[in-house]
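These notes are about the structure you will find just below.
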Amino acid sequence: MRFRLDTEQRDFAGALRGLLTAADTPAVVREWSRGGRTGGRALWSRLGAAGVFGLAVPEEYGGAGHRPVELALAFVELGRFAVPGPLAETVAAAVLLDDGAGLARRFLPGIASGGTVATVAFEQHGYGPALDGDAADVRLAAAPEGMRLSSGAGAVRRSLDPARRLAPLLPVGELLRADPPWALAGTWARLATAAQALGVGLALLDTTVAYVGQRTQFGVPVGSFQAVKHRLADVKIALEFARPVVFGAAVTMAARDVAAAKLTACEAAYASARAALQLHGAIGYTEEYDLSLWLTKARALRGAWGTPQECRAAVLGGGAGAAGDASGDPRS
């Protein structure tokens, strides 16, 4: 499949990149990891004003309509800058709350504007805490009788990625829908996660290329060594192969295609993280060095909204239950 972005789409991605470049996202990520919300919520509002969250919200509720290609474009940039927060979960919540009636009018305008942060816990599938359950304004939890609006969250615990804070949702709250579209919501969230992982991988590659061009050994840049060139070339090929798979999935929105995109993009991002860690040497292990913000996110996204094994099963099985049985474990 040949996929070419039009001028409007490229301008949208460029505008987001400019917004995030000026946002000092490493500082925002570190504040979010400590439980601070000021910088993260301000950035979330700017992203909402730029139209990011409205890409999963119908126009009558303040969104841009269901535009998965543009959503994928946006999430590549969010991953490129390691933006924290329940990003894919808010997309899933927008789909779950779009009943075309009271729930949509009640919740979707806030999600589209960036004023509402949402998270989701699929308790009925054995998944525990919700990502950023303590920070979310809207907490949706699966229950045997349907989808409930959780009244709060329990104690927070950290995950592999410090910016992915996990909190169990309280089991009490208003019953919102008896038969919510779990599978459709999971497909949208899985696409968002795939695109976010692609952006993380691209950022890691760019950072590593710049680093090996500056670091010297035996009087020459280590980037001039053939072994280093080959390692980075392999990463570049994997990421460039993942890009059309992600955008092809955004065009079809078929569960099997989205699972393939999630698998391909996350494995490419993980390979990029491994190469970045090796080629940066010991400095790559330190939390103080900003590279760690992307390294941990690449690993966490690999298991979020479908592990590699679950995504392979969805591809081989035709995507059946892609977002129901494999909607993604937010504990990653």
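Tell me, 270, 289 in order of fewest to most beta-carbon neighbours within 10 Å?
289, 270
Could you work out how far apart the two model spin labels at residue 178 and residue 278 are, taking each label as a point 7 Å from the Cα in the direction of the beta carbon, and quote it in nm?
Reported label-point gap for residue 178 and residue 278 is 5.6 nm.
According to a simple spin-label model (label point 7 Å from Cα along Cα-to-Cβ), what is the distance in nm between residue 106 and residue 7?
Between residue 7 and residue 106, the simple spin-label model gives 4.4 nm.
How do 61, 285 rank when sorted from fewest to most other Cβ atoms within 10 Å of their own Cβ?
Sorted ascending by nearby Cβ count, the order is 285, 61.
If you take every residue apart from residue 50 with its C-beta less than 14 Å away from the C-beta of residue 50, what net charge results, scoring Lys and Arg +1 and Asp and Glu -1?
Taking every other residue near residue 50 into account, the sum is -1.
What's the longest bit of the chain with no exposed trypsin sites (Lys or Arg not before Pro), using DSSP loop states and at most 13 other Cβ atoms within 10 Å as the test?
159-332
Indicate the gyration tensor shape class of the stretch 7-181 (rounded, prolate or oblate), computed on the Cα atoms with a ≥ b ≥ c the square roots of the eigenvalues: a/c under 1.5 is rounded; otherwise a/b larger than b/c is prolate and the rest oblate.
oblate
For the pair residue 143/residue 227, report the inter-label distance in nm, with labels modelled 7 Å from Cα in the Cβ direction.
About 5.8 nm separates the two model spin labels.
When the chain is modelled as a GNM with alpha-carbon springs shorter than 10 Å, which of 207, 90, 286 fluctuates the most?
The residue with the greatest mean-square fluctuation here is 286.
What ranking, highest mean first, results for peptides 94-100, 52-58 when packing means the other Cβ atoms within 10 Å averaged over each residue?
Per-residue Cβ counts within 10 Å, averaged per peptide and sorted highest first, yield 52-58, 94-100.
Within a 10 angstrom radius of the beta carbon, how do 230, 66, 280 rank from fewest other beta carbons to most?
Going from sparsest to densest Cβ surroundings: 230, 66, 280.
In the chain, once you exclude exposed GluC sites (Glu not before Pro) (DSSP loop, at most 14 other Cβ within 10 angstrom), what's the longest stretch remaining?
It runs 1-144.
Quick one: which residues, 5 or more positions from residue 176 or on another chain, have an amide H under 5 Å from its amide H? H modelled 1.01 Å from N in the peptide plane, none for Pro or chain starts.
Those qualifying (amide H under 5 Å, at least 5 residues apart or on another chain) are 147, 148, 149.
How many angstrom lie between the Cα centre of the stretch 1-78 and the Cα centre of the stretch 121-193?
Using only Cα atoms, the two centres lie 22 Å from each other.
Rounded to the nearest 500, what is the 222 nm mean residue ellipticity of the chain from helices alone, with -39500 (n - 2.57) per DSSP H run of 4+ residues and division by all residues?
-18000 deg cm²/dmol
With springs only between Cα atoms under 10 Å apart, run a GNM on the chain and tell me which of 249, 178, 189 wobbles the most.
Maximum among the listed residues: 178.
Below 8 Å between Cα atoms, with a sequence gap of 6+, how large is the relative contact order for the stretch 7-181 in percent?
Relative contact order comes out at 18 percent.
Enumerate the amide H contacts of residue 153 below 5 Å, restricted to partners 5 or more residues apart or on another chain; note that Pro and chain-start residues carry no placed amide H.
Here 170 satisfy the definition.
When only Cα pairs under 8 Å and 6 or more residues apart are kept, what is the percent relative contact order across the chain?
18
Hey, which aspartates and glutamates would be in cross-link range of residue 229, C-alpha to C-alpha under 17 Å, not counting anything within fewer than 8 residues on its own chain?
Residue 229 reaches 206, 240.
The numbers here are math on the coordinates, done by the rules we state, and not lab data. Because the structure is a prediction, the values reported are computed rather than measured. Cβ coordinates were reconstructed from backbone atoms using ideal geometry, including for glycine residues, and neighbour counts include every protein chain displayed.
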